[in-house]
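Each remark here refers to the structure printed beneath this line.
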Amino acid sequence: MHELTSILRQFAVIIRKDLTMEFRTRDILYPMALFSLLLVVVFSFAFLSDPTRVRDYGPGIIWVTVLFASTVGQNRLFDRERENGCLWAMLLTPASRGAIFAAKAAGHFMFTLFMEVLTVPLIILFFDLPVPHPATLVASLVLGTMGLSLIGTLFSAMLMNARMKEVLLPLVTFPILMPVIIAGVKVTALAVGAQVAEDASMWLKFLLGFDMIFGVVTLLLFDRMIRS
Amino acid sequence: MKSDKAIGKFGPGPLLAILATAAVLIALYAVFFIAPVEATMGIVQKIFYFHVGCAINMMVFFSLCGICGLIYLIMGGSRGRVASFVDALGVATAEVGVTLGAVVLVTGPIWARKAWGTWWTWEPRLTLALLVFLLFLAYLALRAFTGSERFGRSVAAGLAVVGLPALYFIHFAVQRWGGAHPQVVYKGGLTVPGMKLAFFLSVLAVMLVSATLALIRTQQELQARLVDDMFLKLDAEEWK
Amino acid sequence: MNIFKTISAIFAWVFAWVVFCLPATVLAQNATGQGWREGQEQIQGDTMVVAAYMALWLILLLFVLRIASRQRTLKADILELKKKIQKEEQ
């Protein structure tokens, strides 16, 4: 019990540190938000504006924006730690590695969610996308982003010092994240009222399963991989 | 010198290579002369024997690669013999798997063009093969770009390990992604004994060929590392 | 504590797999569909079979050639190493 509370405290401390730094410098949020804003503008010119078909490509636009913006966030996530060797200092403290990883992933999760709060309403506005089931949309974004954050944080931590990190990271994470994109697009399509044969709960459960399994796998792997 | 012998060591490679060649010849004979021409699909169905053989072996080798990564990570990236063997085997299996994947992705469309009238369709099995192929292509890219330091090895091993559960998810997602139109089934199956024989022989032949290639690559990788290590040692001695 | 963690992780993994992923296997078994559909393709079936098998052996040949080129580099490296060792011994 004591161990658990201490892990939770470590988690809270690291998160608070990240959020404070982010609030002061806005190193991650600014690039992410600006990039996704630009993406939305590009998308609105890239697709012929046919209001009857907006339900077909709307979910895709939302998820491509989320995926790209979260990749930008992943690239920046450990930059601060790399620049002054902070991650190694953090690993030297008695803090549990699980707590470090969870805090980093949670930070990325929050930044991406914040970006989504800005962008998704904008997409809905620009494309005049009807949303009959807003709760489903929110659930899909939250669960999907969690999956993106888990995988992204693991590999961005691992590739922190790699050459060509910016190229390698999406190369490595995109194939693994494809199920999240498939499920996310499906649920979002249901949320905007497109004609899809399945029900949303199956895909939401699928996303939950993805988050659960990769939550465990990435936690264990982070511990193992950081050792070498 | 002791390591000189290790460099020139003659493994079970040649024996396996002979076996593989024989198996390929027998399998080809079975495919083209024993198995009858399929009634509905005609002669194109003969592509299917080696195509599916490659697909099955691709999955087998990718799973092996994931297991190698798991063992490597469990050993904590030690510099021991087992760790470096497992790591070299991981590279070799991934390379062979990607080669088989390329075969699958080239022969598949040729068959599909005749069978379904289209080169490519986003059908679950094709999608799965493509995504898995991309995943392990990323594994090889990671190895190429992060070099052979321990850090690069463990990241690649981690990717292979994450790839294992990801396979289940990709499989599930692409199964349902197509919606209510699951298309593929090799209709009729393999009812004729000649066809079954040809199919199992070709799976076996592809397996032997890929095992030979993987073995050679593993040995090569281990030797290359040995040579690298000796160069480093020599340099270190020179500096003294 | 570590063993406990590992076991619970494996348990969670298996549980989640059974709940969320097992249906896929069942689904795959149920996936019966149209199967054969005569395409509009006019190329002869024989040509396609030949093309497919050529592609197969070509890809494998490329892989073998790559192995061979690596082997050549390796041999050159070994030669250099031996020379270096001899120099060192002298």
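The values are calculated or read from the model by the stated rules, or taken from the named source; none is laboratory data. The structure presented is a predicted model; accordingly, all values stated were derived computationally and were not measured. Positions of Cβ are backbone-derived with ideal geometry, glycine not excepted, and every protein chain shown enters the neighbour counts.
Of the residues that make up region A:195-218, is at least one within 24 Å of A:Ile61 (Cα to Cα), within 9 Å of another protein chain (Cβ to nearest Cβ), of a type in the set (D, E, K, R) and surrounded by 18 or more Cβ atoms within 10 Å (Cβ to Cβ)? Checked against the condition, which is being within 24 Å of A:Ile61 (Cα to Cα), within 9 Å of another protein chain (Cβ to nearest Cβ), of a type in the set (D, E, K, R) and surrounded by 18 or more Cβ atoms within 10 Å (Cβ to Cβ), region A:195-218 yields no hits at all.
Note down all Cβ pairs under 6 Å where the first residue falls in region A:110-127 and is of a type in the set (D, E, K, R), the second is part of a helix (DSSP H, G or I), and they're at least six residues apart or on different chains. Hits for this filter: A:Glu116/A:Leu141. Flag: B:Ser84 matches the condition of being away from chain C (no Cβ under 14 Å) and either modelled with pLDDT of 90 or more or in a helix (DSSP H, G or I) (or both). Only one of the listed residues (A:Val217, A:Val196, A:Val131, A:Val180) is part of a helix (DSSP H, G or I), modelled with pLDDT under 90 and either touching a helix residue (DSSP H, G or I) at 6+ places or on another chain (Cβ under 9 Å) or aliphatic (A, V, I, L, M) (or both). That residue is A:Val217. Only helices (runs of 4 or more DSSP H) whose full extent lies in region A:1-107 are considered here, and none of them has at least 2 residues that are basic (Lys, Arg), in contact with a strand residue (DSSP E or B) (Cβ under 9 Å, 6 or more places away or on another chain) and without any contact (Cβ under 8 Å) to a residue 40 or more places away in the chain. Among the candidates A:Val187, A:Val138, A:Val120, the residue that is over 30 Å from B:Leu137 (Cα atoms), more than 14 Å from chain C (Cβ to nearest Cβ) and surrounded by 22 or more Cβ atoms within 10 Å (Cβ to Cβ) is uniquely A:Val120.
The residues of region A:69-89 that are among the hydrophobic types (A, V, I, L, M, F, W, C) and in contact with a helix residue (DSSP H, G or I) (Cβ under 6 Å, 6 or more places away or on another chain), listed by number, are A:Ala69, A:Val72, A:Leu77, A:Phe78, A:Leu87. Being over 13 Å from the mean Cα position of the chain (by Cα), within 7 Å of chain B (Cβ to nearest Cβ) and touching a residue at least 40 places away in the same chain (Cβ under 8 Å) is not true of A:Met164. Would you call A:Phe68 surrounded by 21 or more Cβ atoms within 10 Å (Cβ to Cβ) and either modelled with pLDDT of 90 or more or hydroxyl-bearing (Ser, Thr, Tyr) (or both)? For A:Phe68, the condition - surrounded by 21 or more Cβ atoms within 10 Å (Cβ to Cβ) and either modelled with pLDDT of 90 or more or hydroxyl-bearing (Ser, Thr, Tyr) (or both) - is not met.
To keep it simple, each residue is scored yes or no on (1) in a helix (DSSP H, G or I); (2) more than 9 Å from every other protein chain (Cβ to nearest Cβ); (3) among the small types (Gly, Ala, Ser).
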{"position": "B:Ile56", "(1), (2), (3)": "yes, yes, no"}
{"position": "B:Ile67", "(1), (2), (3)": "yes, yes, no"}
{"position": "B:Ala102", "(1), (2), (3)": "yes, no, yes"}
{"position": "B:Arg113", "(1), (2), (3)": "yes, no, no"}
{"position": "B:Leu130", "(1), (2), (3)": "yes, yes, no"}
{"position": "B:Leu137", "(1), (2), (3)": "yes, no, no"}
{"position": "B:Ala144", "(1), (2), (3)": "yes, yes, yes"}
{"position": "B:Ser154", "(1), (2), (3)": "yes, no, yes"}
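On the stretch given as region B:144-169, residues that are hydroxyl-bearing (Ser, Thr, Tyr) and more than 18 Å from B:Glu95 (Cβ to Cβ) total 2.
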